[in-house]
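Structure first, commentary second.
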Amino acid sequence: MTEVRMEIRKYDGSPHRGITTRLLGRDRYGTWLAIPPGTVADSGKVWEIPCVLLVPHVGWYTAMFNAAPRNTSVYCDITTPAAWTSNRIVVTDLDLDVRKIRETGEVQLVDEDEFTAHSRKFEYPEEVIQQARSAAAWLLDALHTGAEPFAGHFHRWLALFQDKAAIAVR
């Protein structure tokens, strides 16, 4: 599988997280990337449970779909639209996050306090604030109503990734 470097920065340009992923493919929702178990991020975090990451063609978010037994089935970071250079993606994390809890199905908006603090600290332009809030509202609705790719479409990519990982081990 082709490696794709995902770099997440803060609004001042400083590094937030970086990780090397594997390209699974593209569809109408965006580019799907795999994060295999054992992957180590720049921060030292080790992924123990496999997941797939969606980088939408257009949109102010990225979405991570986690395999069971991870408590959070879907975790969306509100970000600037992705900037691609060859096999490298750069997004700016805008702090707001939307997540879905696996066991209860509850959908939550998290890190509003961090968004407020950083919008002041980094002086987010009003357009960035509006885009971030709009993306969070859209994601809350999409996860509540079961819109795709959040309802079940991602299962195909997660299964494909897990099948490819099993084939690679053989």
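The values are calculated or read from the model by the stated rules, or taken from the named source; none is laboratory data. Just so it is clear, the structure is predicted and the values come from calculations on it, not from any experiment. A quick note on method: Cβ atoms are made from the backbone with ideal geometry, for glycine too, and the neighbour counts reach across all protein chains shown. SASA here: full protein model, heavy atoms, side chains in, ligands and nucleic acids out. Shrake-Rupley method; radii C 1.70, N 1.55, O 1.52, S 1.80 Å.
Scanning segment 55-103 for residues that are over 14 Å from Gly30 (Cβ atoms), touching a residue at least 40 places away in the same chain (Cβ under 8 Å) and open to solvent by 20 Å² or more (accessible area, probe 1.4 Å) gives Thr80, Asn87, Arg88, Val90, Thr92, Lys100.
Looking only at residues in segment 1-46 that are among the β-branched types (Val, Ile, Thr) and not in a strand (DSSP E or B), which one is surrounded by the most Cβ atoms within 10 Å (Cβ to Cβ)? Spell out the reasoning first.
Taking segment 1-46 as the starting set, the residues that turn out to be among the β-branched types (Val, Ile, Thr) are 2, 4, 8, 19-21, 31, 35, 39-40, 46.
Among the residues that remain, those that are also not in a strand (DSSP E or B) are: 2, 39.
Values: Thr2: 9, Thr39: 17.
Among those that are among the β-branched types (Val, Ile, Thr) and not in a strand (DSSP E or B), it is Thr39.
Residues that are modelled with pLDDT of 95 or more and β-branched (Val, Ile, Thr) within segment 27-71 comprise Thr31, Val52, Val55, Thr62, listed in sequence order. Evaluate segment 115-131: report whether one residue or more is touching a residue at least 12 places away in the same chain (Cβ under 8 Å) and under 25 Å from Ala151 (Cβ atoms). Within segment 115-131, one or more residues are touching a residue at least 12 places away in the same chain (Cβ under 8 Å) and under 25 Å from Ala151 (Cβ atoms).
Could you check, for segment 130-151, whether at least one of its residues is over 20 Å from Val74 (Cα atoms) and either at pLDDT 95 or above or surrounded by fewer than 13 Cβ atoms within 10 Å (Cβ to Cβ) (or both)?
Taking segment 130-151 first, the residues over 20 Å from Val74 (Cα atoms) are 130-131.
Going one step further and asking which of them are either at pLDDT 95 or above or surrounded by fewer than 13 Cβ atoms within 10 Å (Cβ to Cβ) (or both), we end up with 130-131.
The answer is yes, given that some residue of segment 130-151 is over 20 Å from Val74 (Cα atoms) and either at pLDDT 95 or above or surrounded by fewer than 13 Cβ atoms within 10 Å (Cβ to Cβ) (or both).
Being in a helix (DSSP H, G or I), open to solvent by 50 Å² or more (accessible area, probe 1.4 Å) and at pLDDT 95 or above is the requirement here; does Ser119 meet it? It is false that Ser119 is in a helix (DSSP H, G or I), open to solvent by 50 Å² or more (accessible area, probe 1.4 Å) and at pLDDT 95 or above.
Could you list all residues from segment 132-150 that are touching a residue at least 12 places away in the same chain (Cβ under 8 Å) and under 17 Å from the mean Cα position of the chain (by Cα)? Spell out how you get there, then give the answer.
First, pick out the residues of segment 132-150 that are touching a residue at least 12 places away in the same chain (Cβ under 8 Å): 132-136, 139-140, 143-144, 148-150.
Correct list: Ala132, Arg133, Ser134, Ala135, Ala136, Leu139, Leu140, Leu143, Glu148, Pro149, Phe150.
Only one of the numbered conditions (1) touching a residue at least 12 places away in the same chain (Cβ under 8 Å); (2) over 15 Å from the mean Cα position of the chain (by Cα); (3) under 18 Å from Tyr29 (Cα atoms); (4) open to solvent by 10 Å² or more (accessible area, probe 1.4 Å) is violated by Arg156, and that is (1).
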